[in-house]
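A short worksheet on the structure shown next.
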There are 2 protein chains.
Amino acid sequence: MTMAGTTTLLLVAAALLAASCGAWEVTVDDAVVAPLIHALRPLLGSGRHAGVACDSWRLGVEAYNVRDWKTVPASCEGYVGHYMLGSHYRRDSKVVVDQAIAYVDSLKLAGNGKEVWVFDVDETTVSNLPYYSRHGFGATPFNVTSFNAYAQEGSAPALPETKRLYNKLLSVGIKPVILTGRAEYLRASTATNLGRQGYAGWMNLLLKAPGFKGSSLAFKSSERQKLQDAGYIIVGNIGDQWSDILGAPEGARTFKLPDPMYYIG
Amino acid sequence: MTMAGTTTLLLVAAALLAASCGAWEVTVDDAVVAPLIHALRPLLGSGRHAGVACDSWRLGVEAYNVRDWKTVPASCEGYVGHYMLGSHYRRDSKVVVDQAIAYVDSLKLAGNGKEVWVFDVDETTVSNLPYYSRHGFGATPFNVTSFNAYAQEGSAPALPETKRLYNKLLSVGIKPVILTGRAEYLRASTATNLGRQGYAGWMNLLLKAPGFKGSSLAFKSSERQKLQDAGYIIVGNIGDQWSDILGAPEGARTFKLPDPMYYIG
């Protein structure tokens, strides 16, 4: 093979990969790709795909079409691992937080100390990747014992995009409220973890009481209702689960961070 | 360069592209990719990206984080075009419909003729890609005159995944209700279009009355309320816009089809 041949091959390989690529990060001349891919694909695509289309499954999770799932499909463990460890997860989170900060900037705040923003904990303020990377990125069944042992270490790193939003809210006088489905006995380790990671100045840390039997959605909705009943205005609400976001009162605006590793209803 | 060198280069290129690729369609040995990518990326990614990350923007749209947008970001026109024309759009739609059909299969139906399923029209039952492919895939401002002229042709092709769901519902006795934000004067052309594309047996075709001034969300919610008041059970509701899905009564279960080309509030 000549060098020219190699270059052509690389270009075609790059074009084909880029054309089938959700990330669209590769710089390829559109004029090269467009006729190639448009000639190869039928109008609406074939829809044929061997096994689970992991990126489509992930989109289904994020858009709340795929619900009540127990584990990541076994064939998607590698996909999810790369998604979480690579730049894709961070990039997707950045778009969410950029939208949230633009929303904050658009608000006319009363500045009366009654304006609050609800944050979830796991995969929202802090990342449990150090745990999940050792447990199949969600492809193995959730083990509450080992997860809670990990949570008690209080070592989960901050999610930097969420922290950017958190600091923005503090700077404009909106009070963070931490609302988590973690059990009450994890209060000290959770507070320590948040403090270590630079989350300071929150108004409340609300955890699930030992006797609570309902869903996460019901628990979180009822806690938001209490905030509202106490005269607080929930100007925003951010979490990685739809159960963080749905259920009245939701908050004036909600934000869904990505999480392809687990589902909580 | 030797052939061995070329092969290695191609393998590394493929690994790097695949690792940054949302579609994850390329078959690459995980054992080759994993150490490479995990060594190259910091734990949670850098988050740095020049310009708009088009795949992250699209995810933001689908997860209802990006709202009230007027046009596709100019730098994402090529990305959206390839997404829509290639297999990605179809594959994402397939996951949604697979979930919807699994949901239908899980239902214990009364079979009393009162069970209905609400379908939107544009980018739900039929595809306007023949129009949008000539109008920047949503990157140019929406032109109601030229779009309505196109709609009057009644030539939009069926979206095959939705049609699969539609036929499934007919087979189990759930009545389709077509509910669209299209104006009443497009009734004949819309009905003709649906018929030509094999959509038969719907119970109602509901279009926006000339005098209606509210949002699409308000219009569609009020029409669903009327159905419910008339004794119908909305067992499902599918559309490409969040305004098809949100607003009580939503329906017992909702499904969001992908649409990165336009936003209707």
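The values are calculated or read from the model by the stated rules, or taken from the named source; none is laboratory data. Model, not experiment: these values are computed from the prediction. Don't worry about glycine lacking a Cβ; one is built from the backbone with ideal geometry, like all the others, and counts go over all protein chains shown.
For the stretch A:174-193, a residue qualifies if it is buried (at least 16 other Cβ atoms within 10 Å of the Cβ) and of a type in the set (Lys, Arg), and the qualifying residues are A:Lys175, A:Arg182. Screening A:Phe119 on (1) surrounded by 15 or more Cβ atoms within 10 Å (Cβ to Cβ); (2) farther than 30 Å from A:Trp57 by Cβ shows it passes everything except condition (2).
Under 9 Å between Cβ atoms, which residue pairs at least 6 apart in sequence (or on different chains) link something in the stretch A:68-94 that is more than 7 Å from chain B (Cβ to nearest Cβ) with a partner that is basic (Lys, Arg)? Every condition considered, the pairs that remain are A:Cys76/A:Arg58; A:Val80/A:Arg58; A:Tyr83/A:Arg58. The set of residues in the stretch B:146-201 that are of a type in the set (Lys, Arg) and part of a strand (DSSP E or B) comprises B:Lys175, B:Arg182. Does B:Asp98 count as acidic (Asp, Glu), at pLDDT 95 or above and part of a loop (DSSP other than H, G, I, E, B)? Spelling it out, it is not the case that B:Asp98 is acidic (Asp, Glu), at pLDDT 95 or above and part of a loop (DSSP other than H, G, I, E, B). Among the residues of the stretch A:194-224, the one identified as of a type in the set (S, T, N, Q) and either touching a Phe, Trp or Tyr at 6+ places or on another chain (Cβ under 8 Å) or loosely packed, with under 14 Cβ neighbours inside 10 Å (or both) is A:Ser222. Scanning the stretch A:89-115 for residues that are over 25 Å from B:Val61 (Cα atoms) and in contact with a strand residue (DSSP E or B) (Cβ under 8 Å, 6 or more places away or on another chain) returns A:Leu109, A:Ala110, A:Gly113, A:Lys114, A:Glu115. Condition check for B:Gly239 on (1) more than 29 Å from B:Lys108 (Cα to Cα); (2) of a type in the set (Gly, Ala, Ser); (3) crowded, with 22+ Cβ neighbours inside 10 Å: one failure, at (1).
Annotation note: of B:Gly247, B:Gly251, B:Gly236, the sole residue that is part of a loop (DSSP other than H, G, I, E, B), at pLDDT 95 or above and within 17 Å of B:Pro176 (Cβ to Cβ) is B:Gly251.
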